[in-house]
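Heads up, the thing below is written out as structure tokens.
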Amino acid sequence: MLTLISVVLAAVIFEYSNGFHDAANAIATVVSTRVLTPRQAIAMAAFFNLTGALFGGAVASTIGKGLFDTDIVTMTTVLCAVIAAFGWNMATWWFGLPSSSSHALIGGLCGAALAAARGDWSVIKWNAGVWPKVVVPMVTSPLAGFIFGALLMFVLLVALHRFTPHFVHSLFGKLQIFSAAWMAHSHGTNDAQKTMGIITLALFSGTKAGSFDHLPAWLDFLKTPVFVLPKWVIGLCALTMAVGTAAGGWRIIRTLGHRMVKLQPVNGFAAETTAAVIIQAASYYGIPLSTTHVITTSIMGVGALKRFSGVRWTVVERIIWAWVFTLPASGVIGYALERLAAAL
């Protein structure tokens, strides 16, 4: 029971960190274009992250049972994975790098599962899970963000070239509020689901191992004989994501919204709309996408079309290195923690 409490607590802390780490995903552009004040933007993002987190379950199923063999997973394995992801989140947050919380969690899970299986790589579902739902989207979704962000920006420039800059600024100052809200909602539908999957996996593993057999009747809600998201888990994760978002992520907001490229409301609208569409589609198909990757490359695509030299490519380079190292780094940490726990 103590292990389960530790897992839930660690997952809640991770979800909270995900909220403030990824708050920038939804609001960096709307803050940088000064359409909303930081307080207004964070309040809006917190609310729509909450609404998004209450919908769907395909991503949670992928995280909980689609990437590795659940037969070798224990509650300790899940705990090690979450701690690994949280540690990487904190490291990248400290340096203001918009790395992927999703890939940190996936890397931690796969690393811990591999350690639990004593190095047996067959426990990782490469062909059915990791490759099509993690590795391929890790490459294609940023490319899609860049290409479609630039394409939408091009269409808007052609459609709006006859209007005055004042009219365009005023119109998209209003429209960007809706695109930012949609982006926040999409973020909730994808990112909050991952922690729901983690907690449900711990409950499922504990039930299968008989850890809850001797608990009093009022704790029967913990028993999860089949992998189905309990309503209390959905509510807990949704609320935690919203509270974390409300805490803000100012370091990353500055990186995405100010340091990488200067944006106008029409640019912010194009980037947010592009990212929201891609993330919403991925959530429908149960793909645990990196919302950070998508919004970042959407901003790059919009900025590059505006003026290629206007993108600060040195900042982009630092971001890409954080992306490259996230999966292996969190995987190594998860592996080491599981082996350490097994040795104790």
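At-a-glance table
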read-out: Every residue from the range 67-84 that is within 17 Å of the chain's Cα centre (by Cα) and open to solvent by less than 40 Å² (accessible area, probe 1.4 Å); value: 67, 81, 82, 84
read-out: Filtered residue count, the range 112-130, keeping only those that are within 23 Å of the chain's Cα centre (by Cα) and either basic (Lys, Arg) or closer than 17 Å to residue 17 by Cα (or both); value: 1
read-out: Close pairs (8 angstrom Cβ cut-off, 6 or more residues apart or separate chains): among the aromatic types (Phe, Trp, Tyr) in the range 178-190, open to solvent by less than 10 Å² (accessible area, probe 1.4 Å) anywhere; value: 182/272; 182/276
read-out: Failed condition for residue 229, given (1) under 25 Å from the mean Cα position of the chain (by Cα); (2) assigned to a helix (DSSP H, G or I); (3) modelled with pLDDT of 90 or more; value: (2)
read-out: Residue in the range 52-66 that is among the basic types (Lys, Arg) and closer than 18 Å to residue 194 by Cβ present; value: yes
read-out: Filter pass, residue 47 being open to solvent by less than 50 Å² (accessible area, probe 1.4 Å) and touching a residue at least 60 places away in the same chain (Cβ under 8 Å); value: no
read-out: Subset of the range 116-148 (residues that are in a helix (DSSP H, G or I) and free of Cβ contacts under 8 Å to residues at least 60 places away in the same chain); value: 121, 122, 123, 126, 127, 131, 132, 135, 136, 139, 140
read-out: Some residue of the range 149-166 being touching a residue at least 24 places away in the same chain (Cβ under 8 Å), open to solvent by less than 10 Å² (accessible area, probe 1.4 Å) and not acidic (Asp, Glu); value: yes
read-out: Helices (runs of 4 or more DSSP H) (entirely within the range 233-337) containing at least 1 residues that are at pLDDT 80 or above and among the acidic types (Asp, Glu); value: 265-284
read-out: Complete set of residues in the range 169-188 that are among the polar types (S, T, N, Q) and open to solvent by 10 Å² or more (accessible area, probe 1.4 Å); value: 170
read-out: Qualifying residue in the range 102-111 (condition: touching an Asp or Glu at 6+ places or on another chain (Cβ under 9 Å) and not basic (Lys, Arg)); value: yes
read-out: Per-region count, the range 33-48, residues among the charged types (D, E, K, R) and not in a helix (DSSP H, G or I); value: 1
read-out: Residue in the range 213-225 that is most open to solvent (accessible area, probe 1.4 Å), counting only those that are outside any helix (DSSP H, G or I) and free of Cβ contacts under 8 Å to residues at least 60 places away in the same chain; value: 214
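Yes/no per residue for (1) under 18 Å from the mean Cα position of the chain (by Cα); (2) basic (Lys, Arg); (3) at pLDDT 90 or above; (4) buried (at least 24 other Cβ atoms within 10 Å of the Cβ):
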{"position": "10", "(1), (2), (3), (4)": "yes, no, no, no"}
{"position": "13", "(1), (2), (3), (4)": "yes, no, no, no"}
{"position": "24", "(1), (2), (3), (4)": "yes, no, no, yes"}
{"position": "55", "(1), (2), (3), (4)": "yes, no, no, no"}
{"position": "59", "(1), (2), (3), (4)": "yes, no, yes, yes"}
{"position": "86", "(1), (2), (3), (4)": "yes, no, no, yes"}
{"position": "96", "(1), (2), (3), (4)": "yes, no, no, no"}
{"position": "110", "(1), (2), (3), (4)": "yes, no, yes, yes"}
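The values are calculated or read from the model by the stated rules, or taken from the named source; none is laboratory data. Keep in mind it's a predicted model, so treat the numbers as computed, not measured. So basically every Cβ, Gly included, is an ideal-geometry build from the backbone, and we count neighbours across all protein chains shown. Side chains are part of the model used for accessible areas, which takes the heavy atoms of the whole protein and leaves out ligands, DNA and RNA. Shrake-Rupley method; radii C 1.70, N 1.55, O 1.52, S 1.80 Å.
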